[in-house]
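Shown next, in C-alpha cells, is the structure this report addresses.
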Amino acid sequence: MLLEDKELRERVARMETLLEEIEALEDPRARSKAAEVVGVLLDLYGEGLARMMETVAETEDGESTFGRFADDELVSHLLFLHGLHPLDLEARVIGALEEVRPYLKSHGGNVELLGVEGGVARLSMEGSCKGCPSSTMTLKLAIEEAIWKAAPDLESIEAEGVAEPEPAPNFVAGPTLRRKKKKPPEENGASSWTVVGGLPQLIGGGTLAKEVSGERILFVKLADDFYAYRDLCLGCGSSLEAGSLKEAELNCPGCGHRYDVRRAGGCLDEPTLHLEPVPLLVDEEVVEEREGHSRRSIVKVALPSAVG
C-alpha cells in the first residue's frame, strides 16, 4: 500500500532530524560510525534496486513498468538517488513541462523546450508568458519548481523571449526577471507555496478577496479554472472585490477599467495597465469520509515577497 503524503512527509522529516542528530554527536568516532552505517545501508539498498531494475528490463513489459516507476515520486527519487532512473535528463524536463502546461495555457501562455545541453535547459516562452509582467513568477515558481523537482541534476534554466517588465504605475512594482541560476533544493520554490485551502465559496464560480501572508489576494474561478491577482486596480488603487465579473471580464468598481482574467490580467481599456498575477497551483487531495473517499481541490499561491 502506498504511503499517504502526510505520513511520507513525516518520515522524511524524521530521517532529516536523525541525520542532524548524528552530525551533532560530540564523539567523533560515534559520529563516524553512525555515518558509515547510513552509507552502507544506502549502498546495500542501491545494489538491491539495481538488481530489481535489471530483472524488470528482461521482462516483456519492462518499458511500461519503468514508466510507472518514473511516475511514482518516491520511487523516482530513490532511483535517481542511486543513479538508476530510467529516464534521461531531457525526458524528465519534458515531462515536467507537460505537468505545468495546462496551468500556463489557462493563462494564455505556453512554454517549449529548445534543448538541454551541458546541464542547461533552454526554454522559449510563448503567448501571454512572453513579455508579460507575470513571466518572472510563472517561470520561477510554476515551471522551475516542476523542472527542479524532476531534474535536480540540471545546472541552470534559461528562458528566451522573456522581456523585463516595466514597473506597474503608481501602486505596485512589477517583478523583475533574472535568469535562473541553480539553487539548493530547499530554495527551488518547494517551501514558497502557501496553502490557501479549497475555497468552497467559489464552487459556483465568481470572485473572493482573501488575506494571504499579509497580502490581500483576489481569487477568481471561471468554470474549472482558478486565478489569483493582487486585489488592487492599477488604474485607481481600488479593491476589486466588489467588481462585476462577466465571463472572463472583471470590472473595477472604482474607475470602471475592464481586466481580462484569463489573459494575465491585461486591461482592455488601457494597454499599459495590468493586474498583478499571483502564481497559483491546484492540488488534488484525497479526503476520507464515512462512506469512502472523495477528492477536493487545494489551492496554493506564492507571493513575490515570500520567495525573495
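Give the Rg (one decimal place) followed by the Dmax (whole number) of the range 194-307, computed from C-alpha coordinates and expressed in Å.
15.1, 53
Based on other C-beta atoms within 10 Å, arrange Ile94, Ile143, Ile217, Ile203 from fewest to most.
Ile203, Ile94, Ile217, Ile143
Every number in this text was worked out from the coordinates using simple rules, so none of it is lab data. Small disclaimer: the values here were computed from a predicted structure and weren't measured. FYI the Cβ positions are ideal-geometry reconstructions off the backbone, even for glycines, and counts take in every protein chain you see.
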